[in-house]
Amino acid sequence: MSDEFEREDDGYLPPCGIYRTGRSLPGEEEHLPSGRLVFFHNHSDAGPPIVCCPDENRNNRWRFQTDGHVVDDPDFIAALEPLMAEGLYVLKQHLHLSETEVLPDRTLVQLGYNRNAEPILFAGRFDENSIHFPASGYGFDTIKIFDNLEPVNFLVPDRVDEPH
């Protein structure tokens, strides 16, 4: 890998993860314009970094294409805007969704995105003995919503042995 891909202004390529494109990828303007959700890999089998576009959304989480676009433009990489990982969070403070609808603080939400990298919150609801996240959520046009999200840390094992 050449030096232009190994280092950015702050020293290194950004970590692998989901991002919003801050500018279009030269030569791929139609497929990768500014303001799109991508998964950035700071490495590839070929060496240079790649970005992968969203392919399919299941359970409010994106699966990304396996074949990515090689990124050989350091300015494209520098313009990537990091996004919070898709997953479960709790609200730090109540959230006004409209004049009459409010999500209380400590509400369990699932964070997802649309193809334009706009955050979507899916509020958890009890469904008998399960927590269910609906297929539609509350969209936001700014990442300022991230300031109100606190990650949750827990484990749900695939199998729990019965007590003896």
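Read-outs: derived from the displayed coordinates by stated rules, not from any lab. In this text the structure is predicted, and so the values were computed from the model without any measurement. As a convention, Cβ positions derive from the backbone with ideal geometry for all residues, glycine included, and neighbour counts pool all protein chains shown.
Overall, segment 3-82 carries a charge dipole of about 600 debye about its Cα centre when +1 sits on the Cβ of Lys and Arg and -1 on the Cβ of Asp and Glu, all other atoms neutral.
Normalised by the empirical 2.2 N^0.38 Å for globular proteins, what value does the Cα Rg of segment 3-82 take?
Working it through for segment 3-82, the quotient is 1.04.
With 10 angstrom as the radius, rank ASP73, ASP67 by how many other C-beta atoms surround their C-beta, starting from the fewest.
On the way: ASP73 17, ASP67 9.
Fewest-to-most Cβ neighbours within 10 Å comes out as ASP67, ASP73.
The calculated FRET efficiency for the pair LEU108 and ASN153, based on their C-beta separation and a Förster distance of 22 Å, comes to about 0.95.
Of the labelled figures (1) 19.6; (2) 17.7; (3) 18.3, only one reflects Kirkwood radius over Cα pairs in Å as derived from the coordinates, namely (2). Less than 5 angstrom separates the built amide H of TYR113 from those of ILE120, all sequence-distant by 5 or more or on a different chain. Counting every other Cβ atom within 10 Å of each residue's Cβ, TYR138, TYR19 order from fewest to most as TYR138, TYR19. In the chain, helices alone account for a calculated mean residue ellipticity at 222 nm of -1000 deg cm²/dmol, with every DSSP H run of four or more residues adding -39,500 (n - 2.57). Applying the Karplus relation 6.51 cos²θ - 1.76 cosθ + 1.60 with θ = phi - 60° to segment 120-127 yields 3J(HN,Hα) values of 10, 9, 10, 7, x, 9, 6, 9 Hz, where x marks Gly and Pro. Taking a sphere under 13 Å around the Cβ of ARG20 and counting the other residues whose Cβ falls inside, with K and R at +1 and D and E at -1, yields a net charge of 0.
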